[in-house]
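A.B. asks: The structure under discussion is supplied below as structure tokens; questions concerning it will follow.
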Amino acid sequence: MPGSEHTTGEAVPEVQAASEVECSYRWTGEFADPALEAGYLRASWTEAHSRLKALLIAIYVFVSWAAFDLVAMGFGWPFVLLTVARFAALGSTLLALKVFRTPDNRSAFMICAGVTQAIVCIVAPLSLMLGGVQFAAALLSIVVILFAFYVGVPSRLPVNLALSASLSLGFVAVTPFLTEVSLLTILEIGVLFMVVNAIGAELVRSANRLRRTGFLTLMRQQELYEQLKREVEVRQEAEQAVRATEESFQSIFYAAPLPISLVDPSTFRVMQANMAALALFGIDETEADGFDVREFFDEEDLPARLDRLVLGGRAGAPVEFCLKRRDGAVIWALVSAAVVSFHGRRALLIGIQDVTVRHKEAEALREARDQATAASRSKSEFLANMSHELRTPLNAIIGFSEALERELFGPVGNPRYREYAEDIHDSGVHLLSLINDILDLSKIEAGHFKLHEDETDLDHIVAAATRIVRHRAQQANIAIECRLPQPPLAVLVDERALKQVLINLVSNAVKFSPDGSLILVEANVTTQGLRISVADKGVGIAPEDIPRALTPFTQLDGSLSRAHEGTGLGLPLAKHLTELHDGKLFIESAVDVGTTVYVDLPLSRVVGHAEQKQAIV
């Protein structure tokens with residue numbers, strides 16, 4: 001039975017898990033936890049098998065007792081039946097030992113053991129009775145059998161107790177056939193067997209509990225051993241990993257192409273440096289050990305900057321330093337630092353990136369930018385000054401040519417002189433317009449252009465602008481149509497600047513529109529502001545060329561034989577003037593379809609814009 005089996009040290013996971021909690025026992029001394037009991041039975045299987053095998057000697061003795069039966073009874077049916085029963089007990093025992101040899105066959109094994117016990121319980125009293133054995137010998141035989149049941153047979157205590165009680169009652173029943181005894185003696189024999197069975201049951205129960213306690217102790221020791229083994233393995237793996245990490249660190253450290261060094265953070269003396277660091281500062285490996293790295297820094301506030309570098313944490317942001325090599329050469333470097341543990345000591349891992357070339361390039365770029373800015377400013381100032389100088393004689397040329405053209409002081413005689421004067425006048429006006437554009441653009445770029453804002457009617461500005469270019473449009477049979485809000489809008493703008501914007505846009509539209517086409521000038525107030533648009537059905541602009549069209553002095557048709565005159569200042573100047581009014585100018589165009597230029601001004605430019613916004617909503 002389980003209570004009488006000893007452990008073999010064979011552990012199972014269920015038992016290990018169950019042994020971690022406090023165990024309770026049944027009255028038989030077995031574990032109350034079924035899983036724990038099953039684990040114990042499985043672990044103690046070898047001993048249970050060995051105990052039944054040791055009991056086989058007693059079974060052979062039991063079978064050989066048939067010789068005494070033959071002498072006492074003679075050869076007859078009682079002898080034959082008892083002998084067959086004895087061999088059946090032997091067969092049941094051999095079946096259990098030879099066939100059911102694994103823990104998985106435990107149930108069949110225990111059934112065979114129980115059958116053997118039952119046969120013994122039946123055969124023993126009958127053999128003693130029929131063989132006429134003396135009472136004392138018979139009583140001793142029964143006591144020996146009971147001892148064998150409780151000590152040797154590995155059945156469970158309830159089975160053993162039931163079979164032992166049955167054997168005791170059977171012997172009491174056959175006692176009158178063995179000898180003449182009184183009823184009192186029979187009672188005394190019954191009490192004797194009760195005491196024997198009680199002692200046997202208590203011995204088994206105590207043995208069961210002691211063995212299971214030892215089993216638990218063994219399991220706990222095994223668990224502690226496994227835990228200790230795992231901890232040792234983990235520690236060995238950790239030590240191997242540390243060694244591998246140190247070896248990898250040393251390999252990477254020395255082979256790294258960037259300068260790296262390990263520095264004592266308290267003294268700033270070098271603990272270790274790679275070849276790239278030694279080469280950067282021009283020192284050899286023998287000089288590096290214990291070298292104070294502060295000697296390389298060419299900084300006035302070095303202590304504060306080094307403190308900031310150290311306090312930057314494990315991965316502080318790189319700090320730019322000016323460093324000095326051993327040969328006196330100055331280099332610029334980005335220095336980063338991280339706190340690490342090196343051979344059990346706190347160390348500062350310093351990485352250095354030489355940015356001297358980049359620093360020089362940045363300085364050169366700054367100087368080039370400053371020079372370009374100064375050159376642009378000089379150019380704008382030169383253009384502004386030259387424009388002023390050119391306008392004075394040009395105004396005289398325009399005035400004198402106009403006087404000759406109109407013959408204000410009398411006829412000039414030959415009509416060709418009038419034609420020449422007209423050409424001189426037209427060329428002067430064109431040149432004056434160009435100079436004015438250059439002057440305005442240079443003022444804007446130099447930041448000297450000031451808006452003179454005042455309230456004026458939008459209709460007046462549009463009419464003035466279209467009137468200037470209408471004569472040229474009529475010559476090309478091009479109609480100009482204006483669609484303006486009603487009632488007329490009052491706007492807060494620089495009248496001359498906004499008119500210049502519209503003149504440039506409408507002039508461009510006339511220049512690039514085919515004869516007989518229509519140019520539409522339209523204005524609308526939206527929730528975002530005032531939108532003025534100039535649309536034509538001309539040659540159009542490819543979308544990728546629109547940014548170029550807004551660049552000063554750029555002609556999309558760059559050939560010397562281009563079909564349209566101009567300097568490429570109209571759209572750029574219109575864009576700058578619009579932006580000075582806090583507005584935006586953008587173009588929508590497609591080749592051979594036409595172009596629409598939009599001028600968007602903020603709603604604050606519309607006088608009474610709050611009322612306009614409410615009206616729109």
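A.B. asks: Can you find, within the stretch 573-588, the residue that is most open to solvent (accessible area, probe 1.4 Å) among those that are assigned to a strand (DSSP E or B) and in contact with a helix residue (DSSP H, G or I) (Cβ under 7 Å, 6 or more places away or on another chain)?
C.D. replies: Checked the stretch 573-588; the qualifying residue most open to solvent (accessible area, probe 1.4 Å) is LYS584.
A.B. asks: If we keep just the residues of the stretch 521-547 that are free of Cβ contacts under 8 Å to residues at least 40 places away in the same chain and farther than 17 Å from VAL493 by Cβ, which is least open to solvent (accessible area, probe 1.4 Å)?
C.D. replies: Among them, the one singled out is ASP545.
A.B. asks: Another one. Any chance the stretch 557-570 includes a residue that's in the same structural domain as PRO487 (by the TED database), in a loop (DSSP other than H, G, I, E, B), open to solvent by 20 Å² or more (accessible area, probe 1.4 Å) and modelled with pLDDT of 90 or more?
C.D. replies: Checking the stretch 557-570: not a single residue is in the same structural domain as PRO487 (by the TED database), in a loop (DSSP other than H, G, I, E, B), open to solvent by 20 Å² or more (accessible area, probe 1.4 Å) and modelled with pLDDT of 90 or more.
A.B. asks: From (1) touching a helix residue (DSSP H, G or I) at 6+ places or on another chain (Cβ under 7 Å); (2) surrounded by 17 or more Cβ atoms within 10 Å (Cβ to Cβ); (3) modelled with pLDDT of 75 or more, pick out the condition that doesn't hold for ASP264.
C.D. replies: The number of the failed condition is (1).
A.B. asks: When the residues of the stretch 148-179 are filtered to those that are among the aromatic types (Phe, Trp, Tyr) and surrounded by 16 or more Cβ atoms within 10 Å (Cβ to Cβ), which remaining residue is nearest to ARG205 (Cα to Cα)?
C.D. replies: Here the answer is TYR150.
A.B. asks: Output the qualifying pairs, or none if there are none: Cβ atoms under 9 angstrom, residues six or more apart or on different chains, first residue in the stretch 365-377 and closer than 26 Å to LEU439 by Cβ, second residue of a type outside the set (Ser, Thr, Tyr) and open to solvent by less than 90 Å² (accessible area, probe 1.4 Å).
C.D. replies: From the stretch 365-377, the pairs are SER376/GLU445; SER376/ALA446; ARG377/GLU445; ARG377/ALA446.
A.B. asks: Can I ask one more? Can SER206 be described as more than 30 Å from PRO154 (Cα to Cα) and open to solvent by less than 100 Å² (accessible area, probe 1.4 Å)?
C.D. replies: no
A.B. asks: Next question. Can you name the condition, by its number, that GLU246 falls short on among (1) assigned by the TED database to the domain that holds LEU140; (2) part of a helix (DSSP H, G or I); (3) surrounded by 12 or more Cβ atoms within 10 Å (Cβ to Cβ)?
C.D. replies: Result: GLU246 passes all but (1).
A.B. asks: Another question, if that's okay. So, THR8, is that one farther than 18 Å from ALA96 by Cα and either part of a helix (DSSP H, G or I) or at pLDDT below 85 (or both) or not?
C.D. replies: yes
A.B. asks: May I pose another question? Counting only residues that are touching a His at 6+ places or on another chain (Cβ under 9 Å) and either open to solvent by less than 50 Å² (accessible area, probe 1.4 Å) or among the polar types (S, T, N, Q) (or both), which one in the stretch 481-500 is nearest to TYR598 (Cα to Cα)?
C.D. replies: Result: LEU498.
A.B. asks: Which of the residues that make up the stretch 468-501 are part of a loop (DSSP other than H, G, I, E, B), of a type outside the set (A, V, I, L, M, F, W, C) and under 27 Å from LEU451 (Cβ atoms)?
C.D. replies: Within the stretch 468-501, PRO485, PRO487, PRO488, ASP494 meet the criteria.
A.B. asks: Now, a different point. Checking the condition open to solvent by 50 Å² or more (accessible area, probe 1.4 Å) and either under 29 Å from GLU202 (Cα atoms) or in contact (Cβ under 8 Å) with a residue 60 or more places away in the chain (or both), which residue from SER127, SER141, SER107, SER92 passes?
C.D. replies: Being open to solvent by 50 Å² or more (accessible area, probe 1.4 Å) and either under 29 Å from GLU202 (Cα atoms) or in contact (Cβ under 8 Å) with a residue 60 or more places away in the chain (or both) holds for just one of SER127, SER141, SER107, SER92, which is SER107.
A.B. asks: Ok, one more. Could you list all residues from the stretch 68-90 that are more than 14 Å from ALA124 (Cα to Cα) and out of contact with any helix residue (DSSP H, G or I) (no Cβ under 9 Å at 6 or more places or on another chain)?
C.D. replies: Within the stretch 68-90, GLY74, PHE75, GLY76, TRP77, VAL80 qualify.
The values are calculated or read from the model by the stated rules, or taken from the named source; none is laboratory data. Model, not experiment: these values are computed from the prediction. Here the Cβ is made from the backbone with ideal geometry for all residues, glycine too, and neighbour counts use every protein chain on show. Side chains are part of the model used for accessible areas, which takes the heavy atoms of the whole protein and leaves out ligands, DNA and RNA. Shrake-Rupley method; radii C 1.70, N 1.55, O 1.52, S 1.80 Å.
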